[in-house]
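**Student:** First the structure, then my questions, so here it is.
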Amino acid sequence: MSGAALGLEIVFVFFLALFLLHRYGDFKKQHRLVILATLLAWYLCFLIVFILPLDVSTTIYNRCKLAVNSSPAESNGSYVTLGPSKQKCFKPWSYIPDGIMPIFWRVVYWTSQFLTWILLPFMQSYARSGGFSITGKIKTALIENAIYYGTYLLIFGAFLIYVAVNPNFNLQWNQLQTIGIAAANTWGLFLLVLLLGYGLVEIPRSHWNGAKRGYLLMKTYFKAAKLMTEKADAEENLEDIMEEVRKVSESIKYNHPLRKCVDTILKKCPTEYQERMGRNMDDYEDFDERQNSYPSEKSLAKLHKQVIYSVQRHRRTQVQWQILLEQAFYLEDVAKNESSATRQFVHTFHSQEPENKIIQYFYTPTVEWYWECLLRPWFYRVLAVVLATFSVIVVWSECTFFSTKPVLSLFAVFIQLAEKTYNYIYIEMACFLTIFFLSICVYSTVFRIRVFNYYYLASHHQTDAYSLLFSGMLFCRLTPPLCLNFLGLTHMDATISHKNTQPTAYTSIMGSMRVLSFIADGFYIYYPMLVVILCIATYFSLGTRCLNLLGFQQFMGDNEMTSDLIDEGKELIRRGK
C-alpha cells in the first residue's frame with residue numbers, strides 16, 4: 001500500500017476539479033488555454049488540501065522512527081518496538097516513502113505560485129483583450145501587466161539593494177526564498193481570515209435557513225426581482241452595442257483593409273443580429289477614404305471587447321432567469337404539497353428533460369413527498385447544528401492555538417491524543433475533516449462573492465474566462481496560508497509548538513519563518529484572532545446592512561425595500577407561469 005493512497009488521491013482530486021470546472025466553465029466555447037490554466041490552478045490547490053493529512057501521518061511515524069534510533073529497539077517489518085517499554089510503532093497504511101513528499105510539495109507549491117503571480121494575471125488580460133490577432137492580444141496583456149509586474153520588481157530590487165548595502169544583514173539564498181514565501185503567505189493570510197470569518201457563520205446559517213420553506217421562497221422572489229433588473233439592463237446594453245456594430249459594419253465595406261476585423265466582431269454577435277445586419281449590407285459598394293471617416297483598429301478592438309462582454313452577460317442572465325423560474329416553481333410546489341392528504345408529490349410543471357429510469361423507480365412521488373416535506377427540513381437543521389459546532393471549535397482554536405502549556409486548541413488536543421496511540425486512521429480522518437471544513441468555509445466564499453460584473457462565478461457553464469482565471473489566482477494565494485494555519489491549529493508546525501521535532505514535509509518546503517521573527521511571532525499568531533470580530537460582523541449582517549445603505553439592495557427581512565422587491569418578484573414569477 002506504500003504510495004497507493006497518494007496515487008489514488010491524485011486521480012480523485014483531478015476528476016473533482018474537472019467536475020467543478022465543467023459546472024462553472026464552458027468547455028466548448030472558452031479557449032482551451034483558459035480551461036487548462038484554471039483546471040491546473042484548482043487541481044493543485046485541491047490536491048494540497050487532500051494530501052496534507054497523509055503528510056501529517058507520515059511525519060508522526062517518522063518521529064516515532066527517530067525515537068527508535070535514540071532508544072534500544074527491535075524491528076519486525078511493519079512496526080518497530082521501543083526499548084524497555086516495548087512500545088509498538090506501526091507503519092501507517094498510507095505511509096509515503098522518504099524523499100517523495102518534499103519533491104511533491106516543491107513541485108506543487110512553486111507551480112501554483114508561478115500560476116498565481118505570473119501566468120494567470122497575464123492570461124486574464126489576454127482573455128479580456130479585444131485584439132484580432134495573437135500578437136495584438138499578447139501586446140495588450142503585456143502593457144496592462146507592466147505596472148503589475150513592475151511594482152513587484154521595484155519592491156524586490158529595493159529590498160536586495162538594502163540587504164547588499166546594510167552590513168548587519170548576511171542573508172543566504174534560502175533565506176531570501178523564505179522571505180519571498182513569507183511575503184506571499186502574509187498577503188494570503190490577510191485575505192484568508194476575511195473569507196474564513198464570513199464562511200464560518202454563513203455556511204451554518206444558510207443550511208439552517210434552508211429548512212425554512214417560506215424563507216427560501218421569499219428569497220427566491222427577491223432574487224427574481226433583482227435578476228429581472230439585471231436582465232433588462234443586459235438586453236438594453238446588448239442592443240446599444242449591436243447598434244454600434246451595425247453602424248461600423250455599414251461604414252466599412254467588403255474591400256476595406258479593416259473588414260476582416262469587422263467580420264471577426266460579427267461572428268461574436270448573436271445569430272439573429274448577424275442575419276439582420278447581413279440583410280442590410282451592400283457588399284458591392286466600394287469604400288472611399290476621402291468621403292468617410294473610418295474607425296481605427298484600436299477602436300474596433302475596444303468594440304470587440306464590448307461585444308464579447310455584452311453577449312456573455314446577456315446569455316448568462318437569460319440562463320439564470322430560466323433556472324430561477326424552475327426553482328421558484330418547485331418551492332411553490334413544495335409549499336402546496338405540504339398539506340397534501342395523499343402524501344404524493346404533485347408537480348405543476350414536469351421537467352422537459354427525460355429522467356433516469358433508475359431514479360424514477362426509487363424516487364417515487366411518495367418518497368419525494370416524505371423527503372421534501374418532512375425529512376429534508378430536519379436534515380438541514382441537524383447539519384446546520386453540526387456545522388455550527390465545527391465553527392465554534394475553529395474560532396476557539398484560532399484564538400488559543402498559540403498556547404502550548406496547556407494546549408488549548410481542540411484540534412491539537414485531538415491529534416496529540418491520537419499520536420500517543422499511533423492511531424493513523426483517526427489522525428488522517430481528524431486532519432482531513434478539519435482542513436476540509438476550513439477549505440469549504442474559504443472556497444465557498446470565493447464562489448459566492450461577486451464584484452459587480454467583473455468577477456462572478458456563475459454555475460451552469462455561465463462563468464466568463466476572466467472570472468475563472470481570477471478564481472484560480474485566489475485559490476493559489478489562499479491555499480498555502482490555509483495549510484500553514486491548519487498545521488498551526490494542530491501544533492504540527494514547530495514555530496507554534498516550540499518543539500524540536502521533525503517538521504512535516506510541507507513545513508520544510510515553506511522554510512523557517514524565524515528569518516522574519518515579527519511575522520512568525522506576531523502576525524501569524526495574533527492576526528487570525530480577528531476571525532472573532534469578522535464572525536460577529538457576519539452574524540449581525542453588518543456587511544449586508546452597509547451595502548443596503550450604499551444602495552446595493554440585499555435580502556433583509558426587516559427592510560421595506562426588501563418587501564417591495566419580494567412583491568415584485570412574486571408577480572414576475574406569476575407571469576412566468
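The values are calculated or read from the model by the stated rules, or taken from the named source; none is laboratory data. Keep in mind that what you see is a predicted model, and the values were worked out from it rather than measured. Ideal geometry is used to build each Cβ from the backbone, glycine not excepted, and the neighbour counts take in all protein chains shown. Accessible surface is based on the protein model in full, side chains and every heavy atom, while ligands, DNA and RNA are left aside. Shrake-Rupley method; radii C 1.70, N 1.55, O 1.52, S 1.80 Å.
**Student:** Among (1) touching a Ser or Thr at 6+ places or on another chain (Cβ under 8 Å); (2) under 25 Å from Thr404 (Cβ atoms); (3) open to solvent by less than 20 Å² (accessible area, probe 1.4 Å), where does Asn485 come up short?
**Tutor:** (1)
**Student:** Follow-up question, since we're still on this one. Taking the condition surrounded by fewer than 16 Cβ atoms within 10 Å (Cβ to Cβ), closer than 27 Å to Trp208 by Cβ and within 29 Å of the chain's Cα centre (by Cα), does Thr389 pass?
**Tutor:** yes
**Student:** So for region 402-422 (the condition being open to solvent by less than 10 Å² (accessible area, probe 1.4 Å) and closer than 20 Å to Tyr95 by Cα), does at least one residue qualify?
**Tutor:** yes
**Student:** Please find, among Thr135, Thr151, Thr140, the residue that is surrounded by fewer than 14 Cβ atoms within 10 Å (Cβ to Cβ) and at pLDDT 80 or above.
**Tutor:** Just a single option satisfies the conditions, and that option is Thr135.
**Student:** Can you tell which of Phe362, Phe345 is free of Cβ contacts under 8 Å to residues at least 40 places away in the same chain and either open to solvent by 80 Å² or more (accessible area, probe 1.4 Å) or out of contact with any helix residue (DSSP H, G or I) (no Cβ under 9 Å at 6 or more places or on another chain) (or both)?
**Tutor:** Result of the check over Phe362, Phe345: Phe362.
**Student:** Hey, another quick one. Inspect region 429-438 for any residue being among the β-branched types (Val, Ile, Thr), assigned to a helix (DSSP H, G or I) and either out of contact with any strand residue (DSSP E or B) (no Cβ under 8 Å at 6 or more places or on another chain) or within 30 Å of Trp321 (Cβ to Cβ) (or both) and give the result as yes or no.
**Tutor:** yes
**Student:** Kindly provide the set of residues from region 17-41 that are over 11 Å from His461 (Cβ atoms) and among the aromatic types (Phe, Trp, Tyr), ordered by number.
**Tutor:** Hit for region 17-41 is Phe19, nothing else.
**Student:** Report the residue count in region 293-342 for those that are part of a loop (DSSP other than H, G, I, E, B) and not aliphatic (A, V, I, L, M).
**Tutor:** Count: 8.
**Student:** A follow-up question, please. I need a count of the residues in region 23-46 that are within 14 Å of the chain's Cα centre (by Cα) and assigned to a helix (DSSP H, G or I).
**Tutor:** Counting residues in region 23-46 that are within 14 Å of the chain's Cα centre (by Cα) and assigned to a helix (DSSP H, G or I) gives 11.
**Student:** Continuing with this model, one more query. Can we say Val442 is without any contact (Cβ under 8 Å) to a residue 24 or more places away in the chain and in a helix (DSSP H, G or I)?
**Tutor:** no
**Student:** Quickly run through region 386-415 and pick out the residues that are free of Cβ contacts under 8 Å to residues at least 24 places away in the same chain and of a type outside the set (Phe, Trp, Tyr).
**Tutor:** Selection gives Val386, Thr389, Val392, Ile393, Thr400, Ser403, Lys405, Pro406, Leu408, Leu410, Val413.
**Student:** Ok, one more. How many of the residues making up region 2-44 are of a type in the set (S, T, N, Q) and either at pLDDT 95 or above or touching a Gly at 6+ places or on another chain (Cβ under 7 Å) (or both)?
**Tutor:** 1
**Student:** With the checklist (1) open to solvent by 50 Å² or more (accessible area, probe 1.4 Å); (2) in a helix (DSSP H, G or I); (3) closer than 30 Å to Gly130 by Cβ in hand, flag the one item His461 doesn't pass.
**Tutor:** All conditions pass for His461, except number (2).
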